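The values are calculated or read from the model by the stated rules, or taken from the named source; none is laboratory data. Treat the numbers as computed from the prediction; the structure is a model and nothing was measured. Please note: Cβ atoms are built from the backbone with ideal geometry, for glycine as well, and neighbour counts cover all protein chains shown.
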Amino acid sequence: MNRWTADVAALVLRLTAGVIFLPHGFTKVFGQGGVAAFASDLPSYHLPVFLGYVAAYTELAGSVLLILGLLTRIDAFLLACTMFVAAFVVLLPDALHDSPTFLSVTKAIETPLSLFAINVALIFLGPGRLSLDHVLWRKRSRGALSEAPQTSATLPQSHKR
């Protein structure tokens, strides 16, 4: 895969995940009852309440940061963790209990499983060149290169001994 294709693929994955997570995070944070209402349901799945707060704010802030391409690998990791829990801890046991056929179970977890896969792909791909991460880190690395001391290999020929 050439570099341009990978950059466009990362952009498509970031925008898709960000647009999907944004309304879910917004609803969890600003919906009726707010984050507390969402988090209070987690003990019934044997999960600590604080993870509800982490998940809600991760979905809201992470979606915006993914769209911008800022802190992409960290956002993708946190969102992948959230979707792993949603798919395998919350939805899968209910699906196995209700109707334990492969098709029904797959249908029950398809959305969080897809979002999990998108975020795992972003962890490996990174943000691509069409992101704020690339812009910020490129400037930072250029500054570091210009401030680095010159070695004898980089000095002009007249200065070598």
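Data overview
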item	result
Odd one out for S44 among (1) at pLDDT below 95; (2) among the hydroxyl-bearing types (S, T, Y); (3) under 19 Å from F116 (Cα atoms)	(3)
Test for F88: is it over 24 Å from F30 (Cα atoms), aromatic (F, W, Y) and either assigned to a helix (DSSP H, G or I) or out of contact with any Gly (no Cβ under 9 Å at 6 or more places or on another chain) (or both)	yes
Leading residue by the ranking (surrounded by the fewest Cβ atoms within 10 Å (Cβ to Cβ)) among those in the stretch 57-95 that are over 15 Å from A121 (Cα atoms) and in contact with a His (Cβ under 9 Å, 6 or more places away or on another chain)	V89
Residues being under 13 Å from L125 (Cβ atoms) and exposed (fewer than 14 other Cβ atoms within 10 Å of the Cβ) - total across the stretch 9-53	1
Near pairs, Cβ below 7 angstrom, 6+ apart or cross-chain, from the stretch 125-138 (farther than 16 Å from V64 by Cβ and in a helix (DSSP H, G or I)) to any residue that is of a type in the set (A, V, I, L, M) and at pLDDT 95 or above	L125/A9; L125/A10
Output for the stretch 25-79, where each listed residue is outside any helix (DSSP H, G or I) and more than 29 Å from S131 (Cβ to Cβ)	G31, Q32, G33, S40, D41, H46, L47, P48
